[in-house]
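The values are calculated or read from the model by the stated rules, or taken from the named source; none is laboratory data. Bear in mind the structure is a predicted one, so any value in this text is a computation, not a measurement. All Cβ positions, glycine included, derive from the backbone under ideal geometry; neighbour counts span all protein chains shown.
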Amino acid sequence: MTASYEVPAGVPVEEAEFAGLLPATRRALLHRLATGQAEGRTPSLVGAVMRDGQMVWSAGRGDVGGEVPGADTQYRIGSITKTLVAVLVMRLRDEGLLGLDDRLGKHLDAPEGGDATIAQLLSHTSGLAAETGGPWWERTDGALRPELADIFGERPQRHVAGRLHHYSNPGFALLGALVERLRGEGWYEVLRREVLEPIGMERTTLAPRAPHAEGWAVHPWADVLLPEPAVDTGRMAPAGQLWSTAADLCRFAAFLSNGDDRVLTAATLAEMRAPETEPQGPDWSGAYGLGLQLTRRDGRLLFGHTGSMPGFVGTLWVSPEEEAAAVVLSNLQSLFNTPAITADLLRTVAEHEPRIPQPWRPLADADTALLELTGPWYWGAAPFTLRLGAGRALRLAPLGGAGRGAAFRAEDDGTWTGLDGYYAGETLTVVRGADGAVSHLDIGTFVFTREPYEAGGAVPGGVDTSGWR
């Protein structure tokens, strides 16, 4: 049951529209947002929090057209657009129209980048240049680059494909063109029909629709503003064109958290969140998946994306641990620290109102053959436990904390596939003897037995016949 609270005196109605959080939590969130807007000298700022699939708080600061902005005010979201384009590409993969290991040139007559795989383009490991050839594409009309070949400069390939992470805006222009090639229509029309409409993101558009913020630059040494252009970037649009709202991005965050079988399954979204690149930065706190940024803040692993265009900066972070997300959108031309504010909103909710776990419930059915697999196992002399979960899932965990654990997904052929850690992608096979009884587990040739170095021929290299001594 949703709690109901009286709106404190002086609190705007739009700020208290959602009663899912306690008054003290809402005030702490508002304080962080207000501090960020004031200290960052930002013309306007909107923040929102999603929890358990619903937007539970939003607030705005500053001025948009003489009004305080709200969760329905549009801002340009910049590179958050890339995650939406990545969803389209993964839909094509799930439909069997392409493979992530396919080279782009197999599907698209690309002027550059054709040797890169689809996965490399999604994860910014294609080696393509970070930006287009001049002039700066974010502030100039896309008519200057009418064809794909026009987006590249003299040195389009800066690194060998697959060697390292190098962020590439032109790479996502190519992915947008790939969607158009395989769907036979414009990428945004495909996005609207296949993603935005099913999720309910009615205020996410290619061009701004009122109410929307104007983009501004703030003078570094005086409190005065300069308007920024908001051009149609044409071929580069899949890299950062879209406009959206805090409310729509909360809906998108709920989708990224739980999936929607009309768009993408939860399993595919989990695949997108897996790091495709090495952690970035001196503190190894960030990496990149398939169209998703990964970062570690306050001990939590977050995923989502940041975005900027002239006059706009925004961030969407999702915390799987908290089943929550936060969005911050602003109209300021600066690398203003919206990622930190967004992470702080998540931390505030987690600290003020720790997530209450779902009630434990027994499995709907229990297969005796699977129950037989649970309990202690040994890799050599190292002890592990194997637990059974819903959907015939298994989880291997070391006893004592040291060792290689992993979750495993059941496959139709009676095996299991590792989902994380050292065993990600590896196959777990239950090996049975001639009498049908379980002999051991084989995980990528690693043998697990019921006793430490169990005699009987299962352990590779054999076991000393004189036994333990």
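Consider only pairs whose beta carbons are under 7 Å apart and that are at least six residues apart or on different chains; among these, list those whose first residue lies in the stretch 77-91 and is more than 13 Å from residue 253 (Cβ to Cβ) and whose second residue is buried (at least 24 other Cβ atoms within 10 Å of the Cβ) and at pLDDT below 95.
Correct list of pairs: empty, since none qualify.
For the stretch 44-81, what are the residues that are surrounded by fewer than 22 Cβ atoms within 10 Å (Cβ to Cβ), outside any strand (DSSP E or B) and of a type outside the set (Ser, Thr, Tyr)?
Selection gives 52, 53, 63, 65, 66, 68, 70, 72.
Return yes when residue 25 is of a type in the set (Ser, Thr, Tyr), out of contact with any Gly (no Cβ under 9 Å at 6 or more places or on another chain) and within 22 Å of residue 222 (Cα to Cα) and no when it is not.
On the way: of a type in the set (Ser, Thr, Tyr): yes; out of contact with any Gly (no Cβ under 9 Å at 6 or more places or on another chain): yes; within 22 Å of residue 222 (Cα to Cα): no.
Here the answer is no, as residue 25 does not meet what is asked.
Please work out if residue 109 is modelled with pLDDT of 95 or more, assigned to a loop (DSSP other than H, G, I, E, B) and more than 25 Å from residue 294 (Cα to Cα).
Values: modelled with pLDDT of 95 or more: yes; assigned to a loop (DSSP other than H, G, I, E, B): yes; more than 25 Å from residue 294 (Cα to Cα): yes.
It is true that residue 109 is modelled with pLDDT of 95 or more, assigned to a loop (DSSP other than H, G, I, E, B) and more than 25 Å from residue 294 (Cα to Cα).
Residues of the stretch 223-259 being farther than 25 Å from residue 171 by Cα, of a type in the set (A, V, I, L, M) and either more than 24 Å from the chain's Cα centre (by Cα) or not assigned by TED's automatic domain parsing to the domain that holds residue 310 (or both), which ones?
Result: 224, 225, 226.
So is residue 424 on the phi < 0 side of the Ramachandran plot and surrounded by fewer than 17 Cβ atoms within 10 Å (Cβ to Cβ) or not? Show your work before the answer.
Working: on the phi < 0 side of the Ramachandran plot: yes; surrounded by fewer than 17 Cβ atoms within 10 Å (Cβ to Cβ): yes.
Taking the combined requirement at face value, the residue satisfies it.
Would the stretch 223-233 turn up any residue that is aliphatic (A, V, I, L, M), in contact (Cβ under 8 Å) with a residue 12 or more places away in the chain and in a loop (DSSP other than H, G, I, E, B)?
yes
Restricting to the stretch 393-415, name every residue that is over 25 Å from the mean Cα position of the chain (by Cα) and crowded, with 18+ Cβ neighbours inside 10 Å.
396
Enumerate the strands (runs of 3 or more DSSP E) found wholly within the stretch 260-329, keeping only those where 3 or more residues are at pLDDT 90 or above.
Values: elements: 286-288, 293-297, 300-309, 312-319.
Of the strands (runs of 3 or more DSSP E) lying wholly inside the stretch 260-329, those with at least 3 residues that are at pLDDT 90 or above span 293-297, 300-309, 312-319.
Could you check residue 149 against (1) closer than 29 Å to residue 287 by Cβ; (2) over 25 Å from the mean Cα position of the chain (by Cα); (3) surrounded by fewer than 23 Cβ atoms within 10 Å (Cβ to Cβ) and say which number it fails?
For residue 149, the failing item is (1).
Working only within the stretch 47-84, note down all residues that are touching a Phe, Trp or Tyr at 6+ places or on another chain (Cβ under 9 Å) and closer than 17 Å to residue 337 by Cα.
47, 48, 75, 76, 77, 78, 79, 80
Every residue, every condition in (1) surrounded by fewer than 18 Cβ atoms within 10 Å (Cβ to Cβ); (2) in contact with a helix residue (DSSP H, G or I) (Cβ under 7 Å, 6 or more places away or on another chain); (3) assigned by TED's automatic domain parsing to the domain that holds residue 254; (4) not aliphatic (A, V, I, L, M), yes or no:
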residue: 164; (1), (2), (3), (4): yes, no, yes, no
residue: 171; (1), (2), (3), (4): no, yes, yes, yes
residue: 184; (1), (2), (3), (4): yes, no, yes, yes
residue: 190; (1), (2), (3), (4): no, yes, yes, no
residue: 204; (1), (2), (3), (4): no, yes, yes, yes
residue: 215; (1), (2), (3), (4): no, no, yes, yes
residue: 221; (1), (2), (3), (4): yes, no, yes, yes
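If we keep just the residues of the stretch 443-455 that are part of a loop (DSSP other than H, G, I, E, B) and surrounded by 13 or more Cβ atoms within 10 Å (Cβ to Cβ), which is nearest to the chain's Cα centre (by Cα)? Write out each step before concluding.
The first filter runs over the stretch 443-455 and keeps only residues part of a loop (DSSP other than H, G, I, E, B), leaving 444-445, 450-455.
Right, trim to surrounded by 13 or more Cβ atoms within 10 Å (Cβ to Cβ) and you get 450, 452-455.
Values: 450: 39, 452: 41, 453: 42, 454: 43, 455: 46 Å.
The extreme case among them is 450.
Select, from 125, 132, the only residue that is touching a helix residue (DSSP H, G or I) at 6+ places or on another chain (Cβ under 6 Å) and outside any helix (DSSP H, G or I).
132
Going by the conditions given, is residue 304 touching a residue at least 60 places away in the same chain (Cβ under 8 Å) and either in contact with a helix residue (DSSP H, G or I) (Cβ under 7 Å, 6 or more places away or on another chain) or not aromatic (Phe, Trp, Tyr) (or both)? Outline the logic, then answer.
Values: touching a residue at least 60 places away in the same chain (Cβ under 8 Å): yes; either in contact with a helix residue (DSSP H, G or I) (Cβ under 7 Å, 6 or more places away or on another chain) or not aromatic (Phe, Trp, Tyr) (or both): yes.
It is true that residue 304 is touching a residue at least 60 places away in the same chain (Cβ under 8 Å) and either in contact with a helix residue (DSSP H, G or I) (Cβ under 7 Å, 6 or more places away or on another chain) or not aromatic (Phe, Trp, Tyr) (or both).
Do the conditions hold for residue 63, that is, is it more than 26 Å from the chain's Cα centre (by Cα) and acidic (Asp, Glu)? Working first, answer last.
Working: more than 26 Å from the chain's Cα centre (by Cα): yes; acidic (Asp, Glu): yes.
Yes.
Could you tell me whether any residue of the stretch 68-79 is farther than 30 Å from residue 176 by Cβ and of a type in the set (Asp, Glu)?
No; the residues of the stretch 68-79 include none that is farther than 30 Å from residue 176 by Cβ and of a type in the set (Asp, Glu).
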